[in-house]
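J.: Quick one: structure below, then a few questions.
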Amino acid sequence: MQPVDRTDGDRSFIEDARRRQIVTAAIAAIAEEGYSRASFVRIAARASISPGLITYHFKTKENLIREVLGHIDARLDRAMEGGPEPLEGFEDGLRRIVTGHVTYCASHPQEMVARREVLSAALPPALQEHVARGNEAGRAELVGFLTEGQRHGEFRPFDPEVFTDALFAALSSAPRSVARRPAEEHGAYAREMADLFAEAATGRG
């Protein structure tokens, strides 16, 4: 079999399903065994397929890890949108970002562990650059959101870069923080963090 090298639109339903199966197995392997030990052989064993089938779909581990990060980050982004209901303003948007992120971390701990394992590993330079570009894009999007909130008068004057640094640090710590708490406290933790940043942004604390 020749490795697959197609755009998403060119893949069949079966190919997409197989790729999702492999990504799910990779997440489990990375979370439970660590990034360096998550070889194609170990991932294939979890997915009950041959290692060659992973090579067929992804060619290299770097490509698979890109897909893993893209899968997790896309789901996180959807969670931070807070559902289909229209936004009630910039404060509501900020609250959705925080509560959505924390809630997703609490309900998908394996994905968060896998993501942390990948981001803390000695990645190949091209993958490091890929991660850095994603981080910068996320930061720029949040800075733009905060700046717009200030322009519309919902947020007080502050340095959006400083606020973004603080918020990113808090969100990055959320997976481990919620993992240390019983499940019944996760909602309160998310609301408390959302209140903290909403009050900091609006100045109504």
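The values are calculated or read from the model by the stated rules, or taken from the named source; none is laboratory data. For clarity, every value in this text was computed on a predicted model and none was experimentally measured. Backbone-built Cβ (ideal geometry, glycine too); neighbour counts: all protein chains shown.
J.: If ARG139 meets every condition in (1) of a type in the set (Lys, Arg); (2) in contact (Cβ under 8 Å) with a residue 24 or more places away in the chain; (3) more than 29 Å from VAL113 (Cα to Cα) apart from one, which number is that one?
T.: Single failed check for ARG139: (3).
J.: Still on this structure, I have one more. Only one of (1) within 30 Å of ALA179 (Cβ to Cβ); (2) without any contact (Cβ under 8 Å) to a residue 24 or more places away in the chain; (3) in a loop (DSSP other than H, G, I, E, B) is not met by ALA74, so which one is it?
T.: Of (1) within 30 Å of ALA179 (Cβ to Cβ); (2) without any contact (Cβ under 8 Å) to a residue 24 or more places away in the chain; (3) in a loop (DSSP other than H, G, I, E, B), only one is false for ALA74: (3).
J.: Still on this structure: Could you tell me which numbered condition GLU67 fails, if it satisfies all but one of (1) touching a residue at least 24 places away in the same chain (Cβ under 8 Å); (2) part of a loop (DSSP other than H, G, I, E, B)?
T.: Of (1) touching a residue at least 24 places away in the same chain (Cβ under 8 Å); (2) part of a loop (DSSP other than H, G, I, E, B), only one is false for GLU67: (2).
J.: Kindly indicate whether VAL113 is more than 30 Å from GLY144 (Cβ to Cβ), of a type in the set (Val, Ile, Thr) and in the same structural domain as PHE155 (by TED's automatic domain parsing).
T.: So VAL113 fits the description; yes.
J.: A further question follows. Kindly provide the set of residues from the stretch 81-112 that are buried (at least 20 other Cβ atoms within 10 Å of the Cβ) and either at positive phi or aliphatic (A, V, I, L, M) (or both), ordered by number.
T.: Passing the criteria: LEU94, ILE97, VAL98, VAL102, ALA106, MET112.
J.: Here's another thing I want to ask about it. Restricting the search to the stretch 29-41, which residues are in a helix (DSSP H, G or I) and crowded, with 18+ Cβ neighbours inside 10 Å?
T.: If the condition is that a residue be in a helix (DSSP H, G or I) and crowded, with 18+ Cβ neighbours inside 10 Å, then ALA29, ILE30, ALA31, PHE40 are the ones that fit.
J.: A further question follows. Among the residues of the stretch 79-96, write down those that are part of a helix (DSSP H, G or I) and touching a residue at least 12 places away in the same chain (Cβ under 8 Å).
T.: ALA79, MET80, GLU81, PHE90, GLU91, GLY93, LEU94, ARG95, ARG96, listed by residue number.
J.: Let me ask another. Please give the number of the condition VAL131 fails out of (1) farther than 23 Å from ARG66 by Cβ; (2) surrounded by fewer than 19 Cβ atoms within 10 Å (Cβ to Cβ); (3) β-branched (Val, Ile, Thr).
T.: Unmet for VAL131, out of (1) farther than 23 Å from ARG66 by Cβ; (2) surrounded by fewer than 19 Cβ atoms within 10 Å (Cβ to Cβ); (3) β-branched (Val, Ile, Thr): (1).
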